[in-house]
Amino acid sequence: DDPKTQAYRDQRGGFPEKVGDLTDDQVKELYLVFFWERCTCDRLPLRAAIALFDRSVNQGTGGAVEQFQAAVKASPDGDIGSKTLGLLASMGETEAVVRFLALRSLQYTKSRDFDKFGFGWFCRLFRLVVFLLEVKVERA
């Protein structure tokens with residue numbers, strides 16, 4: 001485990017032996033800490049944040065932010081900072097999400113397991129697109 005994961009476990013006295021023994025609150029906390037917060041999704045517009053969160057859950061947090069940065073044509077440094085946010089704003093959320101999902105699709109095709117799991121991966125991706133189209137974003 002990486003140091004952040006180990007520190008989290010130590011603070012909480014570890015995790016149950018079986019995933020099925022986690023409470024709903026523990027599951028929510030794990031997704032929040034290990035995926036949403038680790039990828040700083042709270043800094044992004046909602047649809048972009050959901051797309052990044054889903055990528056990190058499905059394909060791992062390693063490289064998730066960098067892939068998002070590549071989609072908005074930022075230098076991939078793993079930090080959603082002012083440069084990334086500025087490029088995202090200039091590009092627009094919809095175009096950024098489309099480009100991000102395209103990069104994610106290409107990454108799937110390069111997996112040695114694509115022949116076995118590719119159909120399911122693409123179904124997941126298209127379900128995400130449908131979900132993103134249905135997300136209601138309130139305007140300030």
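Applying the selection to region 32-55, what residues are among the charged types (D, E, K, R) and under 21 Å from Ser90 (Cα atoms)?
Asp42, Arg43, Arg47
Which of (1) open to solvent by 30 Å² or more (accessible area, probe 1.4 Å); (2) within 13 Å of the chain's Cα centre (by Cα); (3) at pLDDT 95 or above; (4) of a type in the set (Lys, Arg) does Arg55 not meet, given it meets every other one?
(1)
Mind listing whichever residues of region 89-127 are outside any helix (DSSP H, G or I) and either open to solvent by 50 Å² or more (accessible area, probe 1.4 Å) or more than 21 Å from Thr61 (Cβ to Cβ) (or both)?
Taking region 89-127 first, the residues outside any helix (DSSP H, G or I) are 92, 110-113.
Matches in region 89-127: Gly92, Lys110, Arg112, Asp113.
I need a count of the residues in region 60-88 that are open to solvent by 50 Å² or more (accessible area, probe 1.4 Å), part of a helix (DSSP H, G or I) and out of contact with any Gly (no Cβ under 8 Å at 6 or more places or on another chain). Break it down into steps so the answer makes sense when it comes.
Looking only at region 60-88, we keep the residues that are open to solvent by 50 Å² or more (accessible area, probe 1.4 Å), and these are 62, 66, 73, 75-77, 79, 82-83, 87.
Now narrow it down to the ones that are part of a helix (DSSP H, G or I): 66, 82-83, 87.
Those still in the list that are out of contact with any Gly (no Cβ under 8 Å at 6 or more places or on another chain) too: 82-83, 87.
Qualifying residue count, region 60-88: 3.
Show the residue pairs that are 6+ apart or on different chains and have beta-carbon atoms under 8 Å apart, the first residue being within region 74-88 and farther than 14 Å from Gly63 by Cα, the second being of a type in the set (A, V, I, L, M, F, W, C) and part of a helix (DSSP H, G or I).
Every condition considered, the pairs that remain are Thr84/Phe68; Leu88/Ala48; Leu88/Ala96.
The values are calculated or read from the model by the stated rules, or taken from the named source; none is laboratory data. Everything numeric here is computed off the predicted structure, so don't read it as measured data. Cβ: placed from backbone, ideal geometry, glycine included. Neighbour counts: every protein chain shown. Heads up: the accessible areas ignore ligands, DNA and RNA and are worked out on the full protein's heavy atoms, side chains in. Shrake-Rupley method; radii C 1.70, N 1.55, O 1.52, S 1.80 Å.
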